[in-house]
1. At a 1.4 Å probe, what is the % contribution of carbon and sulfur to the accessible area of the range 169-280?
2. Place the peptides 224-231, 363-370 in order of packing, highest mean first, counting for every residue the other Cβ atoms within 10 Å and averaging per peptide.
3. Would you mind getting me the FRET efficiency between Asp116 and Asp345? Use the beta-carbon distance for r and R0 = 35 Å, nearest 0.05.
4. Going by average Cβ neighbours within 10 Å, how do the peptides 42-55, 22-35 rank, with the highest at the top?
5. For Trp143, which sequence-distant residues (separation of 5 or more, or a different chain) have an amide H within less than 5 Å of its own amide H, given hydrogens modelled in the peptide plane?
6. Is any residue of the range 211-247 close enough, with backbone N under 14 Å, to a label point placed 7 angstrom from the Cα of Asp136 along the Cα-Cβ axis, and if so, which?
7. So if R0 is 51 Å, what FRET efficiency would Arg10 and Lys225 give, r being the distance between their Cβ atoms, rounded to the nearest 0.05?
8. Distance check, please: which entries in Lys114/Lys231; Lys51/Lys92; Lys31/Lys325; Lys49/Lys234; Lys114/Lys183; Lys183/Lys241 exceed 32 angstrom between their Cα atoms?
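The values are calculated or read from the model by the stated rules, or taken from the named source; none is laboratory data. Here the structure is a predicted model, which means the values were calculated and not measured. Note: ideal-geometry Cβ built from the backbone for every residue, glycine included; neighbour counts use all protein chains shown. Ligands, DNA and RNA are stripped out before the accessible areas are found, and what is left, the full protein with its side chains, is counted by its heavy atoms. Shrake-Rupley method; radii C 1.70, N 1.55, O 1.52, S 1.80 Å.
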Amino acid sequence: MTNPAQPAKRPVNPRFSSGPCAKIPTFELAKLADAPLGRSHRAAVGKAKLKAAIDGTREILGVPDDYRIGIVPASDTGAVEMAMWSLLGARKTTMVAWESFGAGWVTDAVKQLKIDAEVKTAEYGQIVDMAAIDYDTDVVFTWNGTTSGVRMPHGDMIPADRAGLTICDATSAAFAMDLPWDKLDVVTFSWQKVMGGEAAHGMLILSPRAVERLESYTPVWPLPKIFRMTKGGKLIEGIFKGETINTPSMLAVEDYLLALDWARDIGGLQALIARCDANAAVIARFCAANDWIANLAEDPATASTTSVCLKFTDPTITDGAAFAKAVAKRLEAEGVALDIGAYRDAPAGLRIWCGATVETADLEALMPWLDWAYHAERAALDAAA
């Protein structure tokens, strides 16, 4: 086996973490100078910033006018938990999972809320047959499996005349993939993924059907204050106008507003999607050209364009986890790829973020380094044998 020479060209930005993700390409700390630091989020300036974040989200994502958008605590996790604790239990529930975060929602619904749910699961690299789901039940699922690199190919299988609610964790899909709003009743995501925002803040988007459920149904379990979205049987509208349940970071809000401005400048949602598609295509071409690595997603139609998960297919590698860690460590030591190890619950391999804030040129520069690191580690194995 011939070992390739160490590449000369390096990625300008080696940050390929799947969250928090790379900042927007034009990011500068000085651009956050307008953040109303030391001011109350309830002051006029704070309310205006929060409302701008909600309005900008609606504009870029194309969220229908009659859907509510709220900024909530605890990132995407907080948004999903708010939805499940507040909405589930009114009718039969179907929990769907094909990776670790989806499995977490299953655990919370079945073991914490003690809902007698039907659970549908698939192995890493595969996806549940979403056309076989009973959508007259409430269905909880992830659009894009951040830890498995497997995504919904589209929403055609979700009927428009469903009786149940669809609750979709879209944290690594929002701003990167077309979300069919008429098929989704609850959508959650965080700022720290495709938009490269700061962590800790989540977004909760509700359809009119979801609002109707909130106003007509009271769960049998007690709701923590931080999850409550109704008062006296009516939606607390202020939550969806920037009057947040708890105190947000106005610095993080300013950072998100900066990212929304960048998205507008480059052409909006379709430009964001195109950047993700182009990034994922770089890795797809690399996998097609090398028989020792492959996408974890078994069906190209369901392969993520953001959290791209890879597996080493070289049959001579006996300890896949150790080998993958060694490759990731070698690349980090060279300063060309940071935080690309597979998620701790996922199969051994690598995970390379291809979201909109990542430059395609950086991924193109990374691929020869990945080839170099693989061969270097293979040579080390051969020498130790």
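1. Within the range 169-280, the accessible surface is 54 percent carbon and sulfur.
2. On the way: 224-231: 14.4, 363-370: 21.5.
Top of the packing list down: 363-370, 224-231.
3. Efficiency computed from Cβ-Cβ geometry: 0.85.
4. 42-55, 22-35
5. Here Asp169, Ala170, Thr171 satisfy the definition.
6. Those under the cut-off are none; the list is empty.
7. Values: r = 49 Å, r/R0 = 0.96.
So, using R0 = 51 Å, E works out to roughly 0.55.
8. Where the Cα-Cα span goes over 32 Å, the pairs concerned are Lys51/Lys92; Lys31/Lys325.
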